[in-house]
Amino acid sequence: MRKTGPARIVRPRDLSEAVRLVAEGGRPLAGGTDLFVRLRREVEDPPFLVYLGELPELQGIELREDGAVVGAAVTHAKLLRSEVAERLPILRLALSTIGAPAIREMGTLAGNVANASPAGDGLIPLYLLEARVLLAGPQGERELPVEEFVLGPGKTALKEGEIIRSLFLPFPEGEPRSYFRKVGRRRALLIAVASLGGLVWLQDGVVEQARLALGSVAPTVLRPREVEQELVGKPLDPQVLAPLAEKLSQLVQPITDLRASASYRREVAGKLLLDLAVSLAG
Ligand SMILES: Cc1cc2nc3c(=O)[nH]c(=O)nc-3n(C[C@H](O)[C@H](O)[C@H](O)COP(=O)(O)OP(=O)(O)OC[C@H]3O[C@@H](n4cnc5c(N)ncnc54)[C@H](O)[C@@H]3O)c2cc1C
């Protein structure tokens, strides 16, 4: 039981004050859609919370020639309404499945990343785009590829006092087709039992390049690079890809939990690849 009542929320004036407060033991708070659930369940008991949602340095969405810089306080809904979502259909497809409209109005992509859930839907487009995470901390700023930032379920490379300042989402070359699907047990507020995102570059009906990212089938979102390589040169024909779907099922490392068994997750992972083929072939 919490002895001191609800955690106190501190509102820093700027980024450097936020970093100082987090270094003193404060817990970063953005939309609170994950954190408040954890606090209510008393999974955690931080001494105080550092509200990042109003920091001017974390608000912006900046379009560059090679990609977009998304401030850590930008909500899913704001991002979905922005030009970035138009430029990156994979981002739009994934973010629009997060929770419900109220959750998307409050929750942030940076919060989704910091949460490091293998079921984090926002992580799938970030892995596919090979996004980078810009961190601000007592020692200054540094940048990490998202795959190096997420270390395991709920585990990140954040060092003491560090916060996510922004995310850099590179615009992919050419015009890849985008696919995202998550399978779960409830239609609304669906937490993925397994999910697959894909960027596929096609040339004359044959795969020229492919990137795949799977959610909820390993300790982190997974890029099955062997399967991506083997897709190259093949048509998006479910019959041709059936052995690859089988390979993908064997490659994932799912667990059994309350939502699904490991063997069901394996099966779904393979089926999702075939679904990708059917969806993107047209
Ligand atoms: C009903 C419901 C449905 C949901 N559905 C989905 C879903 O479909 N898909 C999905 O992926 N998620 C879902 N979520 C989870 C959640 O909404 C998302 O993960 C959201 O993106 C979290 O962002 P937030 O801003 O609310 O994070 P917060 O709750 O504020 O923070 C989450 C974690 O990130 C840390 N943090 C936040 N910002 C920073 C920062 N800038 N730097 C360092 N650390 C930071 C916090 O300390 C905390 O540990 C759902 C949640 C609820 C309550």
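Since every read-out is calculated from the coordinates, none of them should be taken as a lab result. Quick caveat, the model's predicted, so the values are computed rather than measured. Positions of Cβ are backbone-derived with ideal geometry, glycine not excepted, and every protein chain shown enters the neighbour counts.
Assorted remarks:
- Hz values of 3J(HN,Hα) by residue in region 162-177 - Karplus curve (6.51, -1.76, 1.60), Gly and Pro given as x: 8, 10, 6, 8, 7, 10, 9, 10, x, 7, x, 5, x, 10, x, 7
- Only lysines eight or more places from Lys159 in sequence, or on another chain, were considered; none has a Cα closer than 19 Å.
- The charge dipole of region 71-149, taken about the Cα centre with unit charges on the Cβ atoms of Lys, Arg (+1) and Asp, Glu (-1), comes to about 240 debye, rounded to the nearest 20.
- Summing Cβ point charges (Lys, Arg +1; Asp, Glu -1) relative to the Cα centre of region 1-135 gives a dipole of roughly 520 debye.
- For the chain, the alpha carbon convex hull comes to 126 Å³ per residue, rounded to a whole number.
- Of interest is the spacing of the C-alpha centroids, which for region 110-149 and region 9-33 amounts to 18 Å.
- Projecting the Cα atoms of Ile98, Gly140, Gly122 onto the charge dipole of region 59-170 (Cβ charges, centred on the Cα centre) puts Ile98 farthest toward the positive pole.
- Mean sequence separation of contacting Cα pairs (under 8 Å, at least six apart), scaled by the length of the chain, corresponds to a relative contact order of 15 percent.
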